[in-house]
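The values are calculated or read from the model by the stated rules, or taken from the named source; none is laboratory data. Quick caveat: nothing in here was measured; it's all calculated off a predicted structure. Note that each Cβ is placed from the backbone with ideal geometry, even for glycine, and that neighbours are counted across all protein chains shown. With ligands, DNA and RNA removed, areas are computed over all heavy atoms of the protein, side chains included. Shrake-Rupley method; radii C 1.70, N 1.55, O 1.52, S 1.80 Å.
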Amino acid sequence: AAYAYLTYLTAYLKALYPREFMSALLTSETGSTAKVVKYINECREMGIPVLPPDVNFSDKDFTPAPDGIRFGLGAIKNVGGAAVDSIMEARASGGRFRSIFDFCERVNLSAVNRRMIESFIKAGAMDSLEGNRAQLYAVIDSAMESGQRLQKDRESGQGGLFGDLMGGSEAPPDAPLPELPNWTRQEKLAGEKELLGIYVTGHPLDDFEDKVSELATHYTDTLEDLPRGAEVAICGILTGILRRRNKDGKLWASMQIEDRKGAVEGMAFSTQYEGLLPCLIEDKPMLIRG
């Protein structure tokens, strides 16, 4: 009876408050990349977009948004709770961040360091600021120096020349961003995977959807109940490739085979290793039969 009651409640919430329910579910599984991937795919099947983290809109955890579910800043690797608190405080008191210079002038730079800002850019969490990811990455040092200088002046109570000329505003105009082309789609996706553990704004298989539907017999989430020895064909990418030697000194490899539905472990034994070596490439879409 107790389980039936809980099942009724969760089904009710999922049916009538799907964004809120799935946000809470994703937050509860933040430590498990496999489960987060599973539930993000479920959100997409329900027609709920999962949006990338954003310093202007995200809270610490997954949160419901009018246009979907927003990734939390706390899910980004290398980002601590104090940094997220500082960003949310600055946003609450001064509104949205306009640029990376504005960001560095307003957040507590003793809580938000260079590595964290790099992580924000690579995860796509600064896409709502002026400039593309390549431009933002190129000016991290100058933005932090400008922010530290301005914060030091504020702490000492010293107004600068621009403060006098601009009616009390202490912030000088932003330095111009360098003319740089944006990162490629592959570079963006690689950054998201590195910092979030999953692809958010796309997937390396997106360009091959027709081929996937034509060639794949299974997805990774449909393999558990297959009989031993069943033949499968999966379209996916290889990640986490590890090369090892067996007791005879011969090389073999283990890896994760990842598709849009999740991931499964794969192995290339020593007897097949040499023949498969040209295919053992990280993040390259391929067809795997086994």
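Brief remarks follow.
- Extension gain from ALA230 to TYR8, taking 0.36 nm per residue of separation minus the Cα-Cα distance: 76.2 nm
- Pairs of lysine residues in the range 182-290 that meet both criteria, 8 or more places apart or on different chains and Cα atoms under 19 Å apart, total 6.
- ASP207 exposes around 110 Å² of accessible area when a 1.4 Å probe is run over every protein chain in place.
- Under the criterion of Cα pairs below 8 Å and six or more residues apart, the relative contact order for the range 1-76 equals 25 percent.
- Using only alpha carbons, the chain has a radius of gyration to Kirkwood radius ratio (Rg to Rh) of 1.07.
- Gaussian network model of the chain, springs between alpha carbon atoms under 10 Å - residue of LEU205, LEU177, LEU51 with greatest fluctuation: LEU177
- Atom-type composition of the exposed protein surface of the chain places 53 percent of the accessible area on carbon and sulfur (1.4 angstrom probe).
- Heavy-atom accessible area ranking, 1.4 Å probe, most first, across THR271, THR7: THR271, THR7
- Residue among VAL107, VAL84, VAL212 with the largest mean-square fluctuation in a Gaussian network model of the chain, springs linking Cα atoms under 10 Å: VAL212
- Heavy-atom accessible area order for LEU287, LEU26, largest first, 1.4 Å probe: LEU287, LEU26
- Comparing PHE269, LEU189, PHE208 along the charge dipole axis of the chain, the residue lying farthest to the positive side is PHE269, per the Cβ-charge model.
- GluC sites (Glu not before Pro) lying in DSSP loop within the range 35-91, provided at most 10 other Cβ fall within 10 Å: none
- Solvent exposure of MET286, expressed as accessible area, is near 40 Å², computed with a probe of 1.4 Å over the protein chains only.
- Degrees between helix 140-156 axis and first principal axis of the chain (Cα, 0 to 90, nearest 10): 40 degrees
- Entry comment: accessible area of the range 43-192 is 49 Å² per residue, from protein heavy atoms only and a probe of 1.4 Å.
- Accessible area per residue was computed with a 1.4 Å probe on protein heavy atoms; TRP183 scores about 60 Å².
- Within the chain, helix-based [θ] at 222 nm, where runs of 4 or more DSSP H residues each add -39,500 (n - 2.57), nearest 500: -12500 deg cm²/dmol
- Taking all Cα pairs closer than 8 Å and separated by 6 or more residues, the relative contact order of the chain comes to 13 percent.
- Take every Cα pair under 8 Å whose residues are at least 6 apart in sequence, average their separation, divide by the length of the range 60-158, and the relative contact order is 26 percent.
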